[in-house]
Structures are given as C-alpha cells and as structure tokens.
Amino acid sequence: MMEKLLFLLVWAAAALMEGSLAKPLPYDYSASVECLAEPLEPHYGGGLIINPDFNAGLQGWSAFGYGRVAEGASVATGNRYAVAVNRTRPYHSVSQKVYLQNDTHYTLSAWFQVSHGVAAAVRAVVKTCDDFVHVGGVVAKPGCWSMLKGGLTAANAGRAELYFESNATVDILVDSVSLKPFTKEEWAAHRSESTRATRRKTVRLQASDSAGNPLQGAEVSVENVRTSFPLGAAMSGEILHNAAYQQWFTSRFTVTTFENEMKWYSTEPAPGREDYTVADAMLALAKQHGIGVRGHNVFWDDPKQQPRWVQSLPYQDLLAAASRRIRSFVSRYAGQLIAWDVVNENLHFSFFERQFGWDASTAFYAAARLLDAGSSLMFMNDFNTLEQPGDMAAVPGRYVDRLKQIIASYPENGAGMAIGLEGHFTTPNIPYMRAALDSMSQVGVPVWLTEVDVAGGPMQAQHLEEVLREAYAHPAVQGVILWSAWHAQGCYVMCLTDNNFKNLPQGDVVDRLLGEWRTPAQTGTTDAQGYFQAEVAHGEYKVTVSHPSLNTSVSQSVTVELGSGNHFFIQA
C-alpha cells in the first residue's frame, strides 16, 4: 500500500509540473553522437521524470530486477549521477515508475557511461502491464558520456516503468534522463512547423522594365516546374515491356533505384559472363524522363546474397572477382548515377570483412570514389536504424561509429559520403524514428530513406503516410525512395497499384502527398514598388510577368532552395 501511495504521489507531482506550462514546449531536435566529458542537461527539464539529473540523490529512482544502485559524482565537476553496480543480469539497472497516457507520443533521452573495459550496448526499455517495449539504444563507453535518444507511442494508459539493460556486466552510469509526452496534435504541429521551415520559403519577386524602373500593376504568374525534394520508388525490369507501368511511374517520380537489376547476381550470373543489358535499358528509360538513378548495389555484405559461384571462392579468386566487379560496374556508370550503395548492409553482415579483413568496406569506398570522382553520393546503406530500437547492430551510435571508421581509414571517403536508412517498417514507432533522425543529422552528411515500405494490413496506408510525413518534415532528410517495385506476381512487401495500375490506398497516399508538396500555380499583381510575394516549396519555377507597357510577356526561371536568398529580380 505504501509503495502504491508513493507512486501515485510521484506521478501526481510530475503531472502537476507538466500541466503548469502555459503552452506545450516545442520539440527539441538536438542530439549528440559524440562522447562528452560531462552529460548535457536533460531535455524538457526531464519531462515526466522526477529528479532527472540526480541532484537530489536517488530520489524517485529505484533498483530494477533485484539489482543494486548507488550514487556517483564527478571528481572534476561534482556532477551527480546514478550507478547500477555489481550487475550479474542484463536487466540489473536503475528505474523509475511513470504513468503513460493513451495514444500519446513520448520522446526519451538519457546519458550513459560504463565503468571500465570496452564500449557496451545499452538499451532503454519501458515495462508496461503487458509488454516490454524497446525505446532506444546507445553504445556507452568508459570515461565519457554518450547520449541515447529514442521514444515510443503509448497504446494504452497505465502504469509503466522505465529501465535500462545491457548484456555487458560492467557498472552502468546514468544521468540527465527525460521522458516527455506530446499529444498527437502537438506532434503534428511540430511537424508542420518544421515542414514549413525546411521545405518552403516566402519569396519576393520584383518586376522592373529594361531601365530598372519598378513595374506597378504587373500580372505575375508563378508555375512550379520541378520540386527539389526527391521522392521516388524502386523500379523493376518489367517496366521495359509495360507501357502502362512506364506512364504511371514516370509521371510521378524524380528518382529511382533498380530493385535487383544492378546487383552482382543479376549482372554476372556466372564467372566472367557479365550482362548489363537490362540495367542499361532501364537507365536509358530513366534518363529519357529526367529521373535520377541510385546505383544499388556494388557489394552486399550478406553471405546469402552473393552470386552462387562467389560464395565458395578461395581468397585469391574472390579478390580477383571482387576487383573485376567494382571496376566493371562503377566504371560503366560513372558520372551517370546520382548515388552508389557501395557496400550494402555492412552493419548486420560481414561477408567481405571475414574474407579480406576488417577494412574491406573502407577499401571498397575508396575504390568507388576513384572510379567515379564526380558528384555522386557514396552511401552506407542499412536497415533498422529507424525501424527497430531494439536492434543494437544498427542503432545510430553503431551506424555513426562505422561511418566514421570508413572515413577515417581512407580520408578521401569523406568526400560525398551519405547515410542510407532503408526503412522497412512493421508498425512504425514514429517518436523513435524522429529521435534516430535527430541523432543521424549530427554527422553532417546527406541522409536519405532508401527503401521505404510498410508491412501489410488494414493500417498499411496510414502507417506509410505517417512515415513519409515524418521524413519530409525532418531537416536532415534529403530524399526518399519507396521500396515498391511492381511485379505481376506481387510486390516485395508493399504495392502502390494493382496490376492495371490503378492506385491502391498506398498509391493514393503517395499521390496526395506529391500534390500537397508541390506548389500550385500562383498569380497576382505587383505593388507600387513592383513586388509580388508568394510562399512556395523549394524547387524550380517559371515566373511570367505581363504589363501594358511591355510588348510581350517575360518569363524567367527561378530556383528556390534552403539557404538561398528570397529576393528575385524579373527584368523585362
């Protein structure tokens, strides 16, 4: 009874503090992928968490799973934290009881360090009345603090307990913990605000005559030619012989990835027997319609995805085959593709590392850049960084460490490196997705969602829309590819159309968003100084000015981008 009373008092105090805010706080996009000497302050003052920075000792906290918790303090600064000590089970750690609201998004952040030894994976878990929910993970190191940023959506209201776990038996140091609730309406408002700041701009167009005098009362039309945000879909070879598929696809998308047609097992089914006929034809079709193509993929680190004849090759023969593959493939399409997935899924698999050594991937990236020294991006492409907070192989910290390793081993790899996050979702954890993107954005290289699909079911279209809106709104994301290549016998996981190319609900979502993200034609009249103002999505526009003093209308191309100016001059 006393424990229950204490829990209710703690929860009531937290609810009172939350309710005392005059209005909801904005979302905090900040994150850290660096290991710092001291942790930063807890986000949102800790949100629901009582004593989030442990300045009041262990008040509000308890040991989880019959573990033992002690107080700790920094010798240099006096900063206080909790330590889960003498751990013999993964779940032996520090915890705090909270009360979750139904249908509410929660963003989580916390800082971790391990007592000694090597880096250790630490997960954050929320125990509810009927489940254990993974909400994020981090690679904690000895001697410095690493930030975990994650989240969850509470399906039901009720008591819950936040705790941390690690398979390593070292002591875990914990500090600056935050669990902040947002209603879905608040979450959508944050997303709309970010969309407007990230993807749109208010521009001022000034019309003048040939002498530079402002044209008052001129009619101005602004017509969108091309939006700058790349939204595309995977393409299958069946498009080459299906006019309906071609018309449906090319009327919508500006970028694509060939589903299988560029993979090693497709282009060299037998040793030395290379065949790029299908890939060449698909590239020609894409070029004809102004669609950018990603090169997918040079190598795939999954042992099961090698050409059959490659899997059992001895070292020297495999080295020769791999050298021939990268030279042939990258040289053939150098300067023609917007990106390369150089080594696919090398967080989860290590076929080439096991054969050639730990730096195999880094060498492949260096070779690809030498073979294609142009502007194409070189992606590290993998899954579950956005989809599964419990997959410690792919949490943001693991991804960033691997990316830095590739860049550090061959400094030239720093040119044009990019982050590819596949995005194969079951039920999307939207707060975790945003948190993971916050972390990945800290690297400072382009981030794409490269293979987005959502598992089937009655909520498939709704979940797809949530994922796409979240990606489009996030400042770090520079492009999205849907993994929805059409096949007569059925798609991989998610189709956008039926076999007559009539949209399924998922296709309707895509079309609706394409329309929403494309600025409709705007018209108006200039003021006394010759100005016309419009809010437009980033992209390329045709601006046409008409005025009685002009013999004919004047058209000019205007490109609106993030970071560029917002004042454009249209001179007759």
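The values are calculated or read from the model by the stated rules, or taken from the named source; none is laboratory data. What you see is a predicted model; the values in this text were computed from it and never measured. Every residue, glycine among them, receives a Cβ derived from its backbone with ideal geometry; neighbour counts consider all protein chains shown. Areas reflect the complete protein model, heavy atoms only, side chains present, ligands, DNA and RNA absent. Shrake-Rupley method; radii C 1.70, N 1.55, O 1.52, S 1.80 Å.
Of the numbered criteria (1) touching a residue at least 40 places away in the same chain (Cβ under 8 Å); (2) crowded, with 19+ Cβ neighbours inside 10 Å; (3) over 23 Å from Val447 (Cβ atoms), the one Ala360 fails is (1).
Looking at Gly67, is it surrounded by 14 or more Cβ atoms within 10 Å (Cβ to Cβ) and small (Gly, Ala, Ser)? Here the answer is yes, as Gly67 does meet what is asked.
Screening Tyr541, Tyr531, Tyr492 for residues that are buried (at least 19 other Cβ atoms within 10 Å of the Cβ) and either over 24 Å from Gly232 (Cα atoms) or not hydrophobic (A, V, I, L, M, F, W, C) (or both) leaves exactly one candidate, Tyr541. For segment 76-156, the strands (runs of 3 or more DSSP E) that sit wholly inside it and include 2 or more residues that are over 28 Å from the mean Cα position of the chain (by Cα) are 80-85, 93-100. Is segment 313-323 home to any residue that is in contact (Cβ under 8 Å) with a residue 40 or more places away in the chain and within 20 Å of Phe258 (Cβ to Cβ)? Within segment 313-323, not a single residue is in contact (Cβ under 8 Å) with a residue 40 or more places away in the chain and within 20 Å of Phe258 (Cβ to Cβ). Note on segment 161-180: residues that are open to solvent by 10 Å² or more (accessible area, probe 1.4 Å), more than 15 Å from Pro52 (Cα to Cα) and either among the aromatic types (Phe, Trp, Tyr) or in contact with a strand residue (DSSP E or B) (Cβ under 6 Å, 6 or more places away or on another chain) (or both) total 4. Scanning segment 369-386 for residues that are crowded, with 24+ Cβ neighbours inside 10 Å and touching a helix residue (DSSP H, G or I) at 6+ places or on another chain (Cβ under 8 Å) yields a count of 5. Within segment 407-430, track down each residue that is touching a helix residue (DSSP H, G or I) at 6+ places or on another chain (Cβ under 8 Å) and either more than 23 Å from Ala360 (Cα to Cα) or open to solvent by 10 Å² or more (accessible area, probe 1.4 Å) (or both). Residues satisfying the conditions are Ile407, Ser409, Tyr410, Glu412, Gly414, Ala415, Gly416, Gly423, Phe425, Thr427, Pro428, Ile430. Output the residue which, of all residues in segment 514-528 that are over 22 Å from Phe249 (Cα atoms) and part of a loop (DSSP other than H, G, I, E, B), is most open to solvent (accessible area, probe 1.4 Å). Checking each candidate, the answer is Ala521.
Restricting the search to strands (runs of 3 or more DSSP E) fully inside segment 189-303 and requiring at least 2 residues that are at negative phi, under 30 Å from the mean Cα position of the chain (by Cα) and of a type in the set (Phe, Trp, Tyr) gives 292-300. Applying the criterion of being open to solvent by less than 20 Å² (accessible area, probe 1.4 Å) and out of contact with any helix residue (DSSP H, G or I) (no Cβ under 9 Å at 6 or more places or on another chain) to the residues of segment 329-354, the residue that is nearest to Phe379 (Cα to Cα) is Asp341. Consider segment 392-406 and keep the residues that are surrounded by fewer than 23 Cβ atoms within 10 Å (Cβ to Cβ) and touching a residue at least 40 places away in the same chain (Cβ under 8 Å). The one that is farthest from Leu148 (Cα to Cα) is Gln405. Selection of first residues in segment 175-188 that are on the phi > 0 side of the Ramachandran plot and of second residues that are part of a strand (DSSP E or B) and open to solvent by less than 10 Å² (accessible area, probe 1.4 Å), restricted to Cβ pairs under 8 Å at least 6 apart or on distinct chains, gives the following pairs, ordered by first then second residue: Ser176/Ser109; Ser176/Ala110; Ser176/Trp111. Among the residues here, Ser484 does not qualify as assigned to a helix (DSSP H, G or I), over 21 Å from Tyr365 (Cβ atoms), in contact with a helix residue (DSSP H, G or I) (Cβ under 9 Å, 6 or more places away or on another chain) and of a type outside the set (Asp, Glu). Each residue in segment 94-110 was checked for being over 17 Å from Gly390 (Cα atoms) and not acidic (Asp, Glu), and 11 of them qualify.
Among the residues making up segment 544-558, a single one is farther than 12 Å from Ala207 by Cα, open to solvent by 30 Å² or more (accessible area, probe 1.4 Å) and touching a strand residue (DSSP E or B) at 6+ places or on another chain (Cβ under 8 Å): Ser557. In this structure, Ala320 qualifies as open to solvent by 10 Å² or more (accessible area, probe 1.4 Å) and either part of a helix (DSSP H, G or I) or touching a Cys at 6+ places or on another chain (Cβ under 7 Å) (or both).
The rows are residues; the columns are (1) of a type in the set (Val, Ile, Thr); (2) part of a helix (DSSP H, G or I); (3) within 18 Å of Leu513 (Cα to Cα).
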site	(1), (2), (3)
Gly420	no, no, no
Thr427	yes, no, no
Met433	no, yes, no
Met440	no, yes, no
Trp448	no, no, yes
Glu451	no, no, yes
Gly457	no, no, no
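Contact annotation: residue pairs with Cβ atoms under 6 Å, 6 or more positions apart or on different chains, pairing a residue in segment 277-296 that is β-branched (Val, Ile, Thr) with a partner that is surrounded by 15 or more Cβ atoms within 10 Å (Cβ to Cβ) and part of a strand (DSSP E or B), are Ile291/Thr256; Val293/Thr256.
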